[in-house]
Structure formats: C-alpha cells, structure tokens
Amino acid sequence: MSSQTAPGSSPLVAPVLEWYDEHARDLPWRRPEASAWSVMVSEFMLQQTPVNRVLPVHETWLERWPTPADLAAEPTGEAVRAWGRLGYPRRALRLHAAATAIRDEHGGEVPADYDALLALPGVGDYTAAAIATFAHGRRHVVLDTNVRRVLGRAVSGVEFPARSVTRAERDVAAALLPDDEPTAATWSVAVMELGALVCTADRPRCDACPVVALCAWHTAGRPAYDGPPRPVQTYAGTDRQCRGRLLAVLRDAEGAVPSDRLDAVWDDAAQRARCLESLLADGLAVRTADGGVALP
DNA sequence: CATGCGTGGGC
DNA sequence: TGCCCAAGCAT
C-alpha cells in the first residue's frame, strides 16, 4: 500500500466531520427545508458581516420576499431599506439585480451551475461555489476566509493566509475535498464552521480543535505571523463613514428628505457633496423633483 | 492586484 | 479605549 494520501481521504477530514456533527450551529439557511434562495440571501448578507447580525434581517427578508421574483418585483430602494444596518448596502442592490436576472433568465430558480451563478451580480468565486454547494449539493472548492485560515494553519503551518488566494492554496483545498458530493458539501461547511468557532483569527481555541494533533501550525509551536503587514482598516472620517451617515438618513425617512437634513449629519461640506454624488452614481439614492433626496 | 466599500461588537 | 475583526465583490 502506498503511504500517499489519496484525494478525498486526508486524515483531517473524518475528525472535522465528526466535530461538525456535534458542534454545528443551527442556522436557518442550513436546515433541510431551507430553499436555495434562502441560502443565496444568507451568502450575500454574510459577505463581511457576522452571523449574529445577519440572522434577524435574513428572517424578515425571507418572510417578505420568499422567492427571487418577489424581490425583483419591488423597487431597489426597498431592498436597500430592508438591508438595514448590515453594512455595504451595494450588496442589497446586487442581490436585487441578481434576483431580477434569476427571474428573467433562469425561470425564477436559483441556478445550480457554478458559471451561471458567477455571472450574477454580486456573486464571485466564493459565493458561486457556496450556493452551488450548500443550496444544490454540488462539489466545489469553497474557499472563504475561514477555510483559508484553517488550511493555512493545519496544512501549511502559517497563522494567516496571504492577501489573495494563491494557486497553492487552491490545490491544497482541492486535494482535501472528498470525492462524493454529499460528503464534499458537508466537509466544506464543516471547515468553515471550525474556522468560525474554533480556529478563529484571534485567540484560537486549539484545546477544542479536533485536528490539533495534525495541525502544522500548532505542532510548530504556533509561530507568530511573519508575513507582510496586514492593512489596517480605517473608518473614522472616511467617505465610507460619510456615506453610511447619509444613507442612514434616507433609510430612516418615509420618503424624500430635503438636502439640509443631510447637511446636519456631516460637517465637511465638500466631502458630504462628494459622497452624495457617489451614492447617486451607485444607485443607492436618487434626486427627487423638488430637490430632495430619496432611496431609489 | 491593491483599494474602496458599512457597521457594530469584543477586548 | 482605540484597534481589529466579520461566510467578498468589483474595479
């Protein structure tokens, strides 16, 4: 017998699957009765937003718009308003646009094909693979920040992955992916869950990890991160913060608001004007006939 | 390929 | 308390 590890039979797989079976959170979009649309909505909302903040918005969203066609029938501004404070509200516009494309080009059904998914607005490699896998049981490499961190540590022995996905990372993930579709799908969600709950970016709980004995990073003594400095995310005073303030006014208003309502939430007039223009350009706001501003 | 894009929670 | 982070995408 060869000592080589055959594809789909890494010693990492079974312990992670067992751990997931016992420790997985009960999330609405993971339940057997969850629709593909529910999975898709969750994936959009979870792009850079924590699970706990997504939960209530996801629930009300699915109650209001149980199918893509239901959302597509509404003005985009309603999607932006319902998005609430999840952040990055352009995702709401893209989800609306994706729902419209699904209604018009896919008979109202969320596609199962990776390339069809990738062609939808707001859907990149991760989200296409995630929807194909978690909504339709297809077999794809699902490479999000959690998976990248877990595999980086367990396999490569580094605390944090590189800025962008490398070919080597993709090869590692592909080699670990179990052969049969159902197991591949469970493995993918299980590694993500392990990264979210145990193999966290900060203060990983190695004592609770099912593969600690196999982990290259742990075995090496958890060496400190040694790569290029990771960029710090500034916020105070940025256009992002300004845009957020302006959009919050529109979201919380019944209809159009006079522009002096916007003046009150940001002092720097030049920056305020620039940010309003960018919101208009993005389609997150529109000017009304009387000179006011509103959600589209 | 680096950068811009929201928001709130935890330490 | 400031600082870092959280299931990315588009350009």
Can you give the angle from 0 to 90° between the axis of helix A:167-176 and the longest principal axis of chain A, with both taken from C-alpha atoms, to the nearest 10? 60 degrees
Ranked by GNM mean-square fluctuation in chain A (Cα springs under 10 Å), the top entry among A:271, A:47, A:233 is A:233
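Which trypsin sites (Lys or Arg not before Pro) in the range A:72-181 sit in a loop by DSSP (not H, G, I, E or B) and have at most 15 other Cβ atoms within 10 Å of their own Cβ? All intermediate terms of the calculation are to be shown ahead of the outcome.
Numbers: sites: A:81, A:85, A:90, A:91, A:94, A:103, A:138, A:139, A:148, A:149, A:153, A:163, A:167, A:170; in loops: A:85, A:138, A:139, A:163.
Passing both the DSSP loop test and the Cβ count: A:85, A:163.
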Cysteines not pairable in chain A (beta carbon separation under 4.7 Å absent): A:199, A:206, A:209, A:215
Length released on extending from residue A:166 to residue A:294, taking residue separation times 0.36 nm less the Cα-Cα span: 41.8 nm
Assigned charges on the beta-carbon of Lys, Arg, Asp, Glu; the range A:60-160 dipole about Cα centre (debye): 480 debye
In cubic angstrom, how much convex hull volume per residue do the alpha carbon atoms of the range A:204-296 span? 188 Å³
Positive-end residue of A:83, A:219, A:15, charge dipole of chain A with Cβ unit charges: A:219
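If you roll a 1.4 Å probe over the heavy atoms of the protein chains, what accessible area per residue do you get for chain A, in Å²?
Roughly 51 Å² per residue, with all protein chains present.
Convex hull volume of the Cα atoms in chain A, per residue, in Å³? Can you show the working numbers first?
On the way: hull volume 45.4 nm³, N = 296.
Each residue corresponds to 153 Å³ of Cα convex hull volume.
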For residue A:286 and residue A:115, what does the FRET efficiency come to when R0 = 51 Å and r is the distance between their Cβ atoms, rounded to the nearest 0.05? 0.95
Relative to the first principal axis of the alpha-carbon coordinates of chain A, what is the inclination of helix A:181-197, with its axis defined by its Cα atoms, in degrees from 0 to 90 and to the nearest 10? 70 degrees
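Please give the charge dipole size of chain A, origin at the Cα centre, charges +1 on K and R Cβ atoms and -1 on D and E Cβ atoms. Round to the nearest 20 debye.
On the way: 31 positive and 38 negative charges, 171 e Å.
My answer is approximately 820 debye.
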GNM top mover of A:21, A:104, A:207 - chain A, alpha-carbon springs below 10 Å: A:207
Euclidean distance of C-alpha centroids, the range A:36-53 and the range A:114-162, integer Å: 14 Å
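The range A:36-134: percent of C-alpha pairs farther apart than 20 Å? Mind showing how you got there, number by number?
Details: 1306 of 4851 pairs.
Counting every Cα pair in the range A:36-134, those more than 20 Å apart make up 27 percent.
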In the range A:36-134, taking the dipole from +1 charges on Lys and Arg beta carbons and -1 charges on Asp and Glu beta carbons about the Cα centre, the listed residue (A:118, A:66, A:56) farthest towards the positive end is A:56
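Which chymotrypsin sites (Phe, Trp or Tyr not before Pro) in the range A:197-282 sit in a loop by DSSP (not H, G, I, E or B) and have at most 14 other Cβ atoms within 10 Å of their own Cβ?
Working: sites: A:217, A:225, A:235, A:266; in loops: A:225, A:235, A:266.
Sites meeting the loop and neighbour criteria: A:225, A:235.
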Could you give the angle, 0 to 90 degrees to the nearest 10, between helix A:13-23's Cα long axis and the longest principal axis of the Cα atoms of chain A? 50 degrees
For residue A:46, enumerate residues with amide H under 5 Å from its amide H, sequence gap 5+ or separate chain, H modeled in the peptide plane. none
Per-residue ellipticity at 222 nm for chain A, helices alone: DSSP H runs ≥ 4 residues times -39500 (n - 2.57), over residue total, nearest 500 deg cm²/dmol? -15000 deg cm²/dmol
Relative contact order for the range A:36-134: what is it in percent, counting Cα pairs under 8 Å that are at least 6 residues apart? 30 percent
Using a Förster distance of 35 Å, the FRET efficiency for residue A:274-residue A:222 (Cβ separation, nearest 0.05): 0.20
Positive minus negative residues near residue A:143 (Lys, Arg vs Asp, Glu; Cβ under 9 Å): -1
Estimated FRET transfer efficiency (residue A:241, residue A:263; beta-carbon r; R0 22 Å; 0.05): 0.85
With a 1.4 angstrom probe the carbon and sulfur portion of accessible area for the range A:36-134, in percent, totals 52 percent
Rounding to the nearest 20 debye, state how big the charge dipole of the range A:239-294 is about its Cα centre with +1 on each Lys and Arg Cβ and -1 on each Asp and Glu Cβ. 160 debye
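The values are calculated or read from the model by the stated rules, or taken from the named source; none is laboratory data. Note that the coordinates shown come from a computational prediction; the quantities given were computed from them, not determined experimentally. Backbone-built Cβ (ideal geometry, glycine too); neighbour counts: all protein chains shown. Side chains are part of the model used for accessible areas, which takes the heavy atoms of the whole protein and leaves out ligands, DNA and RNA. Shrake-Rupley method; radii C 1.70, N 1.55, O 1.52, S 1.80 Å.
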